[in-house]
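Working notes, structure below.
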Amino acid sequence: MKCLACRADLGRPRPINCRLCGANVASTLVGLLPAGTRLARKYEVLEVLGRGGFGVTYLAQDREGARHAIKEFLPSDFAFRQQSKILVKPGCENEYARALRAFHHEAEVLRGIDHGNVVSATDFFAQFGTDYLVMDWLSDATLRDALAASPAGKLSLARAERIFEQLSSGLSTVHKEGVLHLDIKPENIMLCRNDRPVLVDFGAARRLSAVVKRGQLTLDYSAPEVILNMVPDARADLFSLGAVVFECITGQRPSSALSRLSNDALTVVGIPPPWVRLLETSLAMDPADRSSSLDSWWSSVFGHQRRRS
């Protein structure tokens, strides 16, 4: 299990306090489902995988012993758990309802996409006064974890090429289904065996032509048109993916689009020309200066025949 405060491995036996950040482990689990909880009469909660502003993800297993990641809708700003039941905070009914619609939309999106580099949804049910989304359990290692474990906080170019070739293919499939992810960042990319990346967390996803609320996004990776509340298209996700590429091959985050609104300069030094071209055609502030699609972006630089995962 990982510390919910800093994501450090807690090890076994579980310590009272996280050895890295000092957080009291028991306090981080208050209000969450305990191990052994039965869900939908077929899943058993094993442990907590992660906690965010809109929900909690648990590792669970079914009757056959297969493991799953189960996301519980629990927006901490608008609701709380009393004993086992989820209750809405007084005065937060409208915000809760909007967040719940977004959770249902995430389930709908994932059920419509079939690609080895995009997380799959396998079940959806209600219990304890809230809803649960069941997904493939992949790994508890993210691209962020890989960067933290790598020298200088970056990947080799060969490893980055393997990972981002697959990610661009998966994201292209998402776009062809008429969906934008809109929250691409290292924390939302799981790394499975043989460095197979899987894009997760479609909580901010929207259909093409929908306006996006800034509060749902990670602005360090967001495209300028998203920050400015314009209607985004697939090139907004391309910008975010380009920001992740930049971080992975340089060890540093690029200047955010917010900071570049007043100064459009983007400095890219010390990397081979093909990667410079890849970044220039994804991180341009004007969407018209970016590649028109994920397929054209990748193939125009590397020219590979895509390997579908």
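The values are calculated or read from the model by the stated rules, or taken from the named source; none is laboratory data. The structure presented is a predicted model; accordingly, all values stated were derived computationally and were not measured. With ideal geometry, Cβ positions are generated from the backbone for all residues, glycine too; neighbour counts draw on all protein chains shown.
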statement: Of (1) within 22 Å of Thr37 (Cα to Cα); (2) surrounded by 14 or more Cβ atoms within 10 Å (Cβ to Cβ), Cys92 satisfies every one except (1)
- line: Filter region 231-266 for residues that are among the β-branched types (Val, Ile, Thr) and closer than 23 Å to Ala148 by Cα; the one that is surrounded by the fewest Cβ atoms within 10 Å (Cβ to Cβ) is Thr250
- request: Would you mind finding the one in Lys89, Lys154 that is closer than 27 Å to Ile271 by Cβ and in contact with an Asp or Glu (Cβ under 9 Å, 6 or more places away or on another chain)?
  value: Lys154
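Do we have Gly91 as in the same structural domain as Gly55 (by TED's automatic domain parsing), at positive phi and either at pLDDT 90 or above or of a type in the set (Ser, Thr, Tyr) (or both) here?
Numbers: in the same structural domain as Gly55 (by TED's automatic domain parsing): yes; at positive phi: yes; either at pLDDT 90 or above or of a type in the set (Ser, Thr, Tyr) (or both): yes.
Taking the combined requirement at face value, the residue satisfies it.
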message: Just to be sure before I move on: is Leu155 farther than 18 Å from Gly116 by Cα and part of a loop (DSSP other than H, G, I, E, B) in the structure I sent?
response: yes
- prompt: Which residues, taken from region 109-134, are assigned to a helix (DSSP H, G or I) and either touching a residue at least 60 places away in the same chain (Cβ under 8 Å) or buried (at least 20 other Cβ atoms within 10 Å of the Cβ) (or both)?
  reply: Val109, Leu110
query: Do we find that Asp136 is closer than 17 Å to Glu44 by Cα and modelled with pLDDT of 95 or more in this structure?
result: no
message: So the check is Cβ under 9 Å with 6+ separation or different chains; which pairs have a first residue in region 283-296 that's over 24 Å from Ser259 (Cα atoms) and assigned by TED's automatic domain parsing to the domain that holds His175 and a second one that's surrounded by fewer than 18 Cβ atoms within 10 Å (Cβ to Cβ) and of a type outside the set (S, T, N, Q)?
response: Asp295/Arg306
- prompt: Out of all the residues in region 9-26, is one or more within 29 Å of Phe124 (Cα to Cα) and in contact (Cβ under 8 Å) with a residue 40 or more places away in the chain?
  reply: no
Condition met for Leu110 (within 18 Å of the chain's Cα centre (by Cα), modelled with pLDDT under 90 and outside the structural domain of Ile189 (by TED's automatic domain parsing)): yes
